Amino acid sequence: MGDRANVVVVRENGAHELYRTGWAVGIDLDLLEGPTPVLAMLPELRQDGWWLDDTMAQGGILLDLGRKVLLFFAWEGPSTELRHRAAVFELIRAAWPGWEVRRLYDGPAELRAYVGLDPEYVRCRDAAPASTPFLAPDDEDLTGPDPGGVVITVGTGRCHVASDAFDHPVHEGAALLDRLADAPEHGRCHLHVNAGIHLDPEHRRLGWWSLYSSPQAYQVAESWPGWTVEFWQDDWERHAKVSDRFSPAAFGTGEETRSAVLAEAAERLALRARNRARVVWAPGGAGMRP
């Protein structure tokens, strides 16, 4: 698998161990099994001391066994989907009784900070933010129940949607305002997007949120000098309250949603088992790791 994630285990004596997996997409589903199965996966993982940086870490987990703290972040997976996010967190907390479960928004830098290491080690500050393309209302990328995307509302009268396949557009800074002048208009957004921005140019205020991790999430204000910037973390409802241009369509909750997440977790577990069997029986496979 090409998607990568670090797994960090902090032992009871405070020492930490660093692992790497190639199963980052859907790593939130692995947590539904609880701490014992997650720890049992460690022998399958690479233990090579390599910290993935901002651009390579598509997910990450930290288990502090002494304090019973679970930290994780993801770029993709049901915890980054509007319809499934609440159910995922409910199921994880049920599988980790007595643990503090915390979602991270700044990726591997927060993992390193937790164990007392310099977050700058995993920063990629030389790369300029990509100019995220805007999508028209009829764009095929916006079809399906979980299209993703970034809803951008401006004042009380404009609404646009950007692709979520690139950097969160909030990192572009004030240059984003100029690009929005030619962006396709959506009127109102009812999509199940997974990120958003609300801009108030008159008062130079900005609020933004994201269901997936975004490198340097807590340093966005540096890209908006003279603006008041608020990071709402995953609170999409706050965006909906400040702008009637964003009102996602109703989505199911409760047992139906939990069942859908559990079914996806079962599929992932079966896929991992099949992959493990192929590795074991492949020529020379005994030394291979996913």
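The values are calculated or read from the model by the stated rules, or taken from the named source; none is laboratory data. These figures come from a predicted structure and were not determined experimentally. In this analysis, Cβ positions are derived from the backbone assuming ideal geometry, glycine residues included, and neighbour counts consider all displayed protein chains. What goes into the accessible areas is simple: the full protein's heavy atoms, side chains included, and nothing from ligands, DNA or RNA. Shrake-Rupley method; radii C 1.70, N 1.55, O 1.52, S 1.80 Å.
Amide H contacts for ILE152 (H built 1.01 Å from N in the peptide plane; partners 5 or more residues away or on another chain; cut-off under 5 Å): HIS160, VAL161, ALA162, ILE197.
Against the main long axis of the alpha-carbon atoms of the chain, helix 85-95 sits at an angle near 30°. Couplings 3J(HN,Hα) of region 128-142, computed from phi: 6, x, 6, 7, 5, x, 8, 10, 7, x, 9, 5, 5, 5, 9 Hz, in residue order, whole Hz [Karplus 6.51 cos²θ - 1.76 cosθ + 1.60, θ = phi - 60°; x for Gly and Pro]. On the principal axes of its alpha-carbon atoms, the chain has extents of 59, 42, 40 Å, going from largest to smallest.
Under a GNM of the chain (C-alpha, springs under 10 Å), which listed residue has the highest mean-square fluctuation: GLY148, GLY226, GLY196? Among GLY148, GLY226, GLY196, the largest mean-square fluctuation in the Gaussian network model of the chain belongs to GLY226.
Here the scattering of region 53-212 is modelled by Debye summation over its C-alpha atoms, one equal scatterer each and no solvent; at q = 0.14 Å⁻¹ the log10 of I(q)/I(0) is -0.82. How high is the relative contact order of the chain, given as a whole-number percent (alpha carbon pairs under 8 Å, six or more residues apart)? Contact order relative to length: 18 percent.
Using a cut-off of under 15 Å, list every residue of region 43-86 whose amide N is near the label point 7 Å from the Cα of ASP126 along the Cα-to-beta-carbon line. It comes to 53-56, nothing else. Per residue, the chain exposes 47 Å² of solvent-accessible protein surface, assessed with a 1.4 angstrom probe and all protein chains in place. Sites listed here are GluC sites (Glu not before Pro) in region 171-207 whose DSSP assignment is loop and whose Cβ has at most 16 other Cβ atoms within 10 Å: GLU185, GLU202.
Kirkwood hydrodynamic radius of region 8-71, from the reciprocal of the average inverse Cα-Cα distance over all distinct pairs: 12.4 Å. Across region 160-285, the volume of the C-alpha convex hull divided among the residues equals 163 Å³ per residue. Annotation: extensible slack from GLU12 through TYR218 equals 71.2 nm (criterion: 0.36 nm per residue apart, minus Cα-Cα distance).
Spin-label model, ALA181 to TRP50: label points 7 Å out along the Cα-to-beta-carbon direction sit 4.5 nm apart. Where in region 132-214 are there chymotrypsin sites (Phe, Trp or Tyr not before Pro) that are in a DSSP coil and have at most 15 other Cβ atoms within 10 angstrom of their Cβ? Sites meeting the loop and neighbour criteria: PHE166.
The stretch between ARG102 and ASP118, if pulled fully straight at 0.36 nm per residue, gains 3.7 nm over its current Cα-Cα span. Normalised Debye scattering of region 1-121 at q = 0.12, 0.17, 0.20, 0.21 Å⁻¹ gives log10 I(q)/I(0) of -0.38, -0.80, -1.15, -1.28, counting only Cα atoms as equal scatterers and leaving out solvent.
Normalised by the number of residues in region 175-232, the average gap of Cα pairs under 8 Å and 6 or more apart makes the relative contact order 28 percent. Counting only alpha carbon atoms, the long axis of helix 255-281 and the longest principal axis of the chain meet at about 50°.
Couplings 3J(HN,Hα) of region 17-26, computed from phi: 10, 10, 10, 9, 10, x, 10, 6, 5, x Hz, in residue order, whole Hz [Karplus 6.51 cos²θ - 1.76 cosθ + 1.60, θ = phi - 60°; x for Gly and Pro]. Computed from the Cβ-Cβ distance with R0 of 22 Å, the FRET efficiency linking ASP141 to ASP235 stands at 0.35.
Rolling a 1.4 angstrom probe over the chain with all protein chains present gives an accessible area of which 51% lies on carbon and sulfur atoms. Using a Gaussian network model of the chain in which every pair of alpha carbons under 10 angstrom is joined by a spring, one finds that among GLY60, GLY107, GLY98 the greatest mean-square fluctuation is at GLY98. Loop-located trypsin sites (Lys or Arg not before Pro) in region 45-95 (DSSP state other than H, G, I, E, B) with a sparse environment of at most 15 neighbouring Cβ atoms within 10 Å: ARG67, LYS68. Hull volume per residue, based on the alpha-carbon atoms of region 128-232 and their convex hull, is 97 Å³. Within the shell defined by Cβ-Cβ distances under 11 Å, the residues around VAL122 carry a net charge of -3, with Lys and Arg each +1 and Asp and Glu each -1.
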